Amino acid sequence: MRPGAALGLGIVALSVAGYWQYMKRVGREAREGRRTEAVAPEVAADESEFATARERMVSVQIEARGVKDPAVLKAMRAVRRHLFVPAAELAEAYEDRPLPIGDGQTISQPYIVALMTELLQAKPGGRVLEVGTGSGYQAAVLAEMGLEVYSIEIIPELAEAAMDRLQRLGYLAPTEGESGGRNAPGKVRVRIGDGYNGWPDVAPFEGILVTAAAEDIPPALVEQLKPTGRLVIPMGSGAGEQDLVLVTRDEKGRIRTRTIVPVRFVPLVHAP
Ligand code: SAH
């Protein structure tokens with residue numbers, strides 16, 4: 001046998017042996033009651049493929065483009081993005097682009113999620129607001145960073161689907177009634193409504209992310225920023241390209257804006 005063929009056969013034998021060992025372990029753990037989730041071994045095998053795709057997404061799309069904050073990279077590695085996309089898009093979950101999530105809306109490109117999160121510079125325990133919950137993915141990334149997250153979505157069906165998903169993954173805060181109105185680090189509270197006016201009852205925020213494109217900077221959002229707080233918002237008119245803008249507020253309440261990169265978001269809906 002040629003050495004190349006022998007090597008090939010060796011690799012196949014090792015993979016079969018590895019898979020067999022894995023299946024035996026799954027069986028053993030299930031019998032011992034250590035595996036309570038109703039996951040078929042095929043799905044568990046998919047999980048490891050998704051994990052590989054996610055690792056590649058972080059190194060190739062995010063780190064290579066200059067996102068450095070270790071907490072952001074860790075959160076992007078942790079959140080299982082494939083659980084936030086419709087079944088039809090599963091194979092695309094870790095691709096370098098936004099994906100449709102229904103109602104004409106999209107889950108943002110992974111790099112943009114990471115960049116916006118890095119721009120916030122929020123510290124664990126900090127309180128942040130997101131306008132445009134969509135799939136709930138960005139909110140989960142913020143929660144994974146140990147932030148106390150508030151998120152507003154104007155389309156009720158999307159808000160409800162996001163709440164379900166966040167609940168199943170352990171990111172959803174208890175309802176306002178149960179918790180006496182409080183939220184906690186690592187948890188998300190979702191509200192259905194127009195986020196243009198922010199969430200005054202729980203303001204001020206260390207950071208605010210708007211994940212839909214606005215034609216002006218919503219004044220209420222600037223008011224609801226803490227001194228030294230940061231607002232990240234795509235600015236520009238509906239259809240074309242917009243600019244991702246960072247708005248900062250200094251100790252004296254002075255506002256600065258800085259343009260970061262061109263982006264493409266769905267429009268922020270707001271009745272004038
Ligand atoms: N952050 C989301 C992607 C958001 S897409 C994710 O991680 O999946 C933008 C979302 O903003 C859409 O779901 C849209 O319905 C919502 N939106 C648009 N205008 C809004 C408004 N005024 N208030 C709250 N949500 C709004």
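The values are calculated or read from the model by the stated rules, or taken from the named source; none is laboratory data. Computed from a predicted structure; not experimentally measured. Positions of Cβ are backbone-derived with ideal geometry, glycine not excepted, and every protein chain shown enters the neighbour counts.
Details
- Count of the range 73-109 residues which are closer than 20 Å to K187 by Cα and in contact with a His (Cβ under 6 Å, 6 or more places away or on another chain): 0
- Long-range neighbours under 7 Å by Cβ, at least six apart or interchain, first residue under 20 Å from E118 (Cβ atoms) within the range 243-256, second surrounded by fewer than 10 Cβ atoms within 10 Å (Cβ to Cβ): T248/R256
- Across the range 229-243, the number of residues qualifying as touching a helix residue (DSSP H, G or I) at 6+ places or on another chain (Cβ under 7 Å) and either of a type in the set (A, V, I, L, M, F, W, C) or loosely packed, with under 14 Cβ neighbours inside 10 Å (or both) comes to 2.
- Taken over the range 46-71, residues that are within 13 Å of T117 (Cα to Cα) and surrounded by 11 or more Cβ atoms within 10 Å (Cβ to Cβ) amount to 4.
- The listed residues are A93, A78, and the only one of them that is modelled with pLDDT of 95 or more and crowded, with 16+ Cβ neighbours inside 10 Å turns out to be A93.
- Conditions (1) surrounded by fewer than 24 Cβ atoms within 10 Å (Cβ to Cβ); (2) of a type in the set (S, T, Y); (3) touching an Asp or Glu at 6+ places or on another chain (Cβ under 7 Å); number of the one not met by Y196: (3)
- Within the set G229, G240, the sole residue that is of a type outside the set (D, E) and more than 22 Å from the chain's Cα centre (by Cα) turns out to be G240.
- Strands (runs of 3 or more DSSP E) wholly inside the range 66-175 containing at least 3 residues that are near the ligand (Cβ under 10 Å from one of its atoms) and either touching a strand residue (DSSP E or B) at 6+ places or on another chain (Cβ under 9 Å) or more than 23 Å from Q224 (Cβ to Cβ) (or both): 99-102, 105-107, 148-153
- Boolean, G198 is under 25 Å from L83 (Cα atoms) and modelled with pLDDT of 95 or more: no
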